[in-house]
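K.L.:
Mind having a look at this structure? Questions to follow.
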Amino acid sequence: MTMTSDEVWDLLELIASIDRRKVGLTDRQTWQGLVGDLPSADAQAAVIAHYAETTEWIMPAHVRQRVKAM
């Protein structure tokens with residue numbers, strides 16, 4: 001199951017709520033191409049797990065690695 005554009009936006013809003021990054025249309029398009037093939041719930045869980053363990057700025061590769069490990 002892949003993420004819709006709205007689900008990718010929700011993921012970016014979650015990320016921004018934690019690390020205060022600014023996100024826009026280009027970010028949504030880029031992240032769609034990089035993590036859009038992942039299930040939304042898994043990607044959100046990966047973001048939460050990432051920030052529960054580190055202050056490192058999350059990147060799409062971090063999300064992919066955590067989803068794969070789940």
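K.L.:
Before anything else, pin down the relative contact order of the chain: Cα pairs under 8 Å, at least 6 apart, normalised by residue count, whole percent.
P.N.:
Relative contact order comes out at 37 percent.
K.L.:
Leaving out ligands, DNA and RNA, what percent of the accessible area of the chain is carbon and sulfur, probe 1.4 Å? Could the numbers behind the result be given before it?
P.N.:
Details: 2360 of 4330 Å².
C and S fraction of accessible area: 54 percent.
K.L.:
Stretch residue 20-residue 37 to full length: gain in nm at 0.36 nm per residue minus the Cα-Cα span?
P.N.:
Computed gain between residue 20 and residue 37 is 3.6 nm.
K.L.:
Quick one: grab the alpha carbon gyration tensor of the chain, order the square roots of its eigenvalues as a ≥ b ≥ c, and give me rounded if a/c is under 1.5, else prolate or oblate depending on whether a/b is larger than b/c.
P.N.:
Because a/c hits 1.5 or more and a/b fails to exceed b/c, the chain counts as oblate.
The values are calculated or read from the model by the stated rules, or taken from the named source; none is laboratory data. Being a predicted model, the structure only gives us computed values, none of them experimental. Note: areas computed on protein heavy atoms with side chains; ligands, DNA, RNA excluded. Shrake-Rupley method; radii C 1.70, N 1.55, O 1.52, S 1.80 Å.
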